Amino acid sequence: MSAIARQSSSTGAVTDPIRVMVVDDSVVIRGLVGRWLDEEPNLAVVASHRNGRLAVDDVLRSNPDVVILDIEMPDMDGLTALPLLLEKKRNLVVVVASTLTRRNAEISLKALSLGAADYVPKPETNSGVTTSPEFRRELIEKVLNLGQRARSRMAPGSSPAAPRPGAMPQRGIALGAPAAQAAKPHRAASFTLRSYGNVKPRVLAIGSSTGGPQALNTLFGEIGSSIGQVPVVLTQHMPPTFTAILAEHLTKAAGRPASEGKDGEVLVPGHIYVAPGGRHMILAKSGSDVVVRLTDGPPVNFCKPAVDPLFKSVVEIYGTATLGVILTGMGSDGAEGVRQIGQVGGSVIAQDEETSVVWGMPGAAAHTGMCSDVLPLNDIGRKVSKILLGGRP
């Protein structure tokens, strides 16, 4: 029996914990994170290294399911080590840990494009890490969910599809739902679809989480030429700094201006408004205009920004002329907003399970019974463009 196999006290069955490698140049961080993970019954630290080179050399021997990878390290940094780790072990899940500097945010988004599953913002000091319950919670949540999701895709009898062009790498998985939900497959037969609304949309509202940056780049590459007549509002679960850089990337992908929403800003067609990290973004009426409002209320669905407040505010203003899209992500944020869009006669498209990094948010949306379609990522852009241009869905 493996030295790290553990016995369930309730059933007596032997379980195999998710194997984790911690890679960080700080001995304090390695020790602290290692203790956190080892205190979890479904996790086991199998290796700990101070730089990327040692991690690459050891990954086949220690055989982790998940690697927590620091960005800035001597000898070999995280961005250099990432493709080497993924090349050595197929379906390895890599979670990038970085402080919230602009440079590290850019590197983290680059890491996602290279196949990292997700990122976790790290406090800037060792003392900050020690005293941050949010960092600990988020790190453990992501490792559990991503590790279980990866194992479920590789379980006997499962048949992971080869990645489609433009789909997220199958190495990467995501943030937020309970571990059991992340690993549980959903089947199309378990949800129903409703008809598309019969009113041409006057707004496009999008929600996404883990896997979202890659999916959004794909989507906006398809719909950029079609959004000239409507404003686009977007909540992507991201911390401050990251959302500003995401907007820059979407400007390039769409060929349209994208920026973080500013309080009081008037919505104009053809512009993409991204909810800034750490603030909820909603819409409100100001005379004959629709404006952005930023609020500093508590997290919704453990998220800030959250999708539900945005979607609910969109429904109040645009009603049946709302087109919503829910992309990859853990948890259920956005499901209540989707329900409200459907109830007023608007339309919602959710990303399908096969092309989602994690089918938490889109799965929850699909199970409201208020979606008009559940589509592969590469089909969503064409469908959205057709609808926005006045064609029949």
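The values are calculated or read from the model by the stated rules, or taken from the named source; none is laboratory data. From a predicted model like this one, the values you see are computed outputs, not experimental measurements. FYI the Cβ positions are ideal-geometry reconstructions off the backbone, even for glycines, and counts take in every protein chain you see.
General remarks:
- Of the residues in region 336-346, none is assigned to a strand (DSSP E or B) and not polar (S, T, N, Q).
- Search result, residues across region 233-264 that are charged (D, E, K, R) and surrounded by 17 or more Cβ atoms within 10 Å (Cβ to Cβ): ARG256, GLU260
- Per the conditions (1) touching a Pro at 6+ places or on another chain (Cβ under 9 Å); (2) within 29 Å of PRO298 (Cα to Cα); (3) part of a loop (DSSP other than H, G, I, E, B), the sole criterion not satisfied by ALA97 is (3).
- Single unsatisfied condition, GLY277 versus (1) assigned to a helix (DSSP H, G or I); (2) within 17 Å of the chain's Cα centre (by Cα); (3) crowded, with 20+ Cβ neighbours inside 10 Å: (1)
- Residue within region 210-226 that is surrounded by 14 or more Cβ atoms within 10 Å (Cβ to Cβ), in contact with a strand residue (DSSP E or B) (Cβ under 7 Å, 6 or more places away or on another chain) and at pLDDT below 90 present: yes
- Considering residues of region 26-47 that are over 24 Å from the mean Cα position of the chain (by Cα) and in a loop (DSSP other than H, G, I, E, B) only, the residue nearest to ARG137 (Cα to Cα): GLU39
- Test: residue in region 277-286 that is without any contact (Cβ under 8 Å) to a residue 24 or more places away in the chain and within 20 Å of TYR318 (Cβ to Cβ): yes
- Of all the numbered requirements in (1) surrounded by fewer than 20 Cβ atoms within 10 Å (Cβ to Cβ); (2) under 15 Å from GLY324 (Cα atoms), ARG293 misses one, and that requirement is (2).
- Single condition LEU85 does not satisfy, out of (1) surrounded by 14 or more Cβ atoms within 10 Å (Cβ to Cβ); (2) modelled with pLDDT under 95; (3) of a type outside the set (S, T, N, Q): (2)
One line per residue, one yes/no per condition, for (1) outside the structural domain of LEU85 (by TED's automatic domain parsing); (2) surrounded by 21 or more Cβ atoms within 10 Å (Cβ to Cβ); (3) modelled with pLDDT of 85 or more:
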position: SER108; (1), (2), (3): no, yes, yes
position: PRO121; (1), (2), (3): no, yes, yes
position: GLU124; (1), (2), (3): no, no, no
position: THR131; (1), (2), (3): no, no, no
position: GLU141; (1), (2), (3): no, no, yes
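- Candidates THR355, THR320 - the one that is touching a Leu at 6+ places or on another chain (Cβ under 9 Å), of a type outside the set (A, V, I, L, M) and touching a residue at least 60 places away in the same chain (Cβ under 8 Å): THR355
Here's the yes/no breakdown for (1) part of a loop (DSSP other than H, G, I, E, B); (2) at negative phi; (3) crowded, with 20+ Cβ neighbours inside 10 Å; (4) β-branched (Val, Ile, Thr):
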position	(1), (2), (3), (4)
PRO298	yes, yes, no, no
ASP308	no, yes, yes, no
THR320	no, yes, no, yes
ALA350	no, yes, yes, no
GLU354	yes, yes, no, no
THR368	yes, yes, yes, yes
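- Matching residues in region 376-393 - criterion: being outside any helix (DSSP H, G or I) and either farther than 24 Å from GLY319 by Cβ or in contact with a strand residue (DSSP E or B) (Cβ under 6 Å, 6 or more places away or on another chain) (or both): PRO376
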